[in-house]
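What follows draws every value from the coordinates through simple rules; no lab data is involved. Predicted, not measured: the structure shown is a model, and the values here were computed from it. All Cβ positions, even for glycine, are placed from backbone atoms using ideal geometry, and neighbour counts span all protein chains on display.
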Amino acid sequence: MPMTNGLRVTGLRKRFGEIEALRGIDLEVPRGQLVGFLGPNGAGKTTTMRGVLGLVAMDAGSVTWDGSPMTEDDRHHIGYMPQERGLYPRMMVHEHIAYMGRLAGLDHATADGRARQWAERVGLADRGNDLIQELSTGNQQRVQLAVALVHEPELLILDEPFAGLDPVAVATLSEVMAEQVARGASVVFSSHQLDLVQDLAEHVTIVAAGVTRATGTVTNLRAHSPVRHLEIHWNGSVPNWSPPDGEPRKAPAGVSRFVVPADSDAAVLIASAAATGAVGAVSFEPPGLDDVFLELVSR
Ligand code: ATP
């Protein structure tokens with residue numbers, strides 16, 4: 001087993017004329033891991049993905065697969081779902097998935113079988129003979145997912161795969177991603193839906209302005225935040241209480257919310273609150289991924 005398995009991107013740089021799109025991107029997606037690749041609009045996520053795929057030449061940095069520079073042959077084992085969907089409008093659903101399977105090196109019979117299997121998996125079993133152009137945007141996206149998976153890739157790169165999907169398709173895609181990880185694939189996806197990312201991905205890499213700002217487990221990144229969220233549900237009237245270094249936040253009736261320094265002693269705060277009113281329930285937690293993200297990208 002090589003030391004570094006799966007995808008490793010180091011120090012990627014890319015300039016488009018005046019625009020420095022990438023100024024030092026690091027990204028690791030080990031085999032059997034699902035990584036959320038996050039960043040504001042224009043941060044460089046798509047450019048990084050295109051760099052890994054060899055669709056854009058990079059100015060500097062390295063892309064390795066299982067510890068060696070990524071080759072054209074390695075790239076045949078990548079499944080890619082681009083942000084700008086690129087299907088042939090006049091092809092039929094089944095035909096399209098099978099065709100892309102053959103392009104990726106499958107024989108006729110295997111491509112045909114897989115096309116059937118994936119059309120069914122993404123909920124398009126009865127649309128096999130429909131033209132791509134007759135499908136809704138969300139259903140075209142389902143086809144795009146099937147196309148990315150038809151050759152059982154070792155690395156799956158999904159650029160905003162959840163955008164525009166209905167809740168049923170979101171659930172299917174989440175399941176499919178988990179299955180791919182379970183069979184040992186490396187899966188990286190970008191998304192602006194951070195609640196979804198927090199539920200789905202254990203690991204995230206956050207980029208801003210072409211630079212990797214943070215990488216790690218969601219739990220760790222949240223734990224490293226300099227603040228905590230304190231929430232108190234009161235039984236009866238809400239007293240005029242606030243923690244010494246707390247910043248009040250909007251809260252529903254009967255509830256107080258504060259942002260306090262991470263090193264606050266929760267027990268002391270709760271005791272102090274309980275001395276002023278009847279405390280029902282209390283929570284003291286690191287901020288969610290959305291707050292961590294905002295904090296990191298605004299630095
Ligand atoms: P989003 O979340 O909006 O999809 P992103 O993180 O994927 O954003 P990129 O699409 O990688 O960001 O863009 C990074 C920067 O590079 C942007 O400033 C973009 O305008 C620029 N850029 C990307 N591709 C090109 C290109 N072919 N020519 C010129 N500039 C480009």
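Can you work out the PRE-style zone for ALA271? Point 7 Å along Cα to Cβ, and I want the residues of the stretch 247-265 with backbone N under 16 Å.
Those under the cut-off are 264-265.
Counting only the backbone N, which residues of the stretch 133-165 are under 16 Å from the spot 7 Å out from the Cα of HIS77 toward its beta-carbon?
149-157
Multiply the residue separation of ASP290 and ASP199 by 0.36 nm, subtract the distance between their alpha-carbon atoms, and state the gained length in nm to one decimal.
Gain on extension, ASP290 to ASP199, equals 31.6 nm.
Cα-Cα pairs above 33 Å in the chain: how many percent?
Of all Cα-Cα distances in the chain, 37 percent exceed 33 Å.
For the stretch 103-215, what is the largest minus smallest coordinate of the Cα atoms on each principal axis, given in angstrom and ordered from greatest to least?
45, 28, 24
Round to the nearest 0.05 the FRET efficiency obtained for ASP126 and GLU95 when R0 = 22 Å and r is the Cβ-Cβ distance.
With R0 = 22 Å, the Cβ-Cβ based efficiency is 0.90.
When only C-alpha pairs under 8 Å and at least 6 residues apart count, what is the relative contact order of the stretch 8-163, in percent?
This gives 25 percent for the stretch 8-163.
Below 8 Å, C-alpha to C-alpha, sequence gap of six or more: please give me the relative contact order for the chain in percent.
RCO, the chain: 21 percent.
So for the chain: antiparallel DSSP bridges make up what percent, rounded to the nearest 5?
Bridges in the chain that DSSP calls antiparallel: roughly 70 percent.
Using just the helices of the chain, give the 222 nm mean residue ellipticity in deg cm²/dmol: DSSP H runs with n ≥ 4 each add -39,500 (n - 2.57), and the total is spread over all residues, rounded to 500.
Calculated from helices alone, the mean residue ellipticity at 222 nm is -9500 deg cm²/dmol.
Go ahead and run the numbers for FRET between LEU53 and VAL282, Cβ-Cβ distance against an R0 of 41 Å, rounding to 0.05.
So, using R0 = 41 Å, E works out to roughly 0.25.
Please check: in the Gaussian network model of the chain (C-alpha springs, under 10 Å), which one of GLY61, GLY39, GLY17 has the largest mean-square fluctuation.
GLY17
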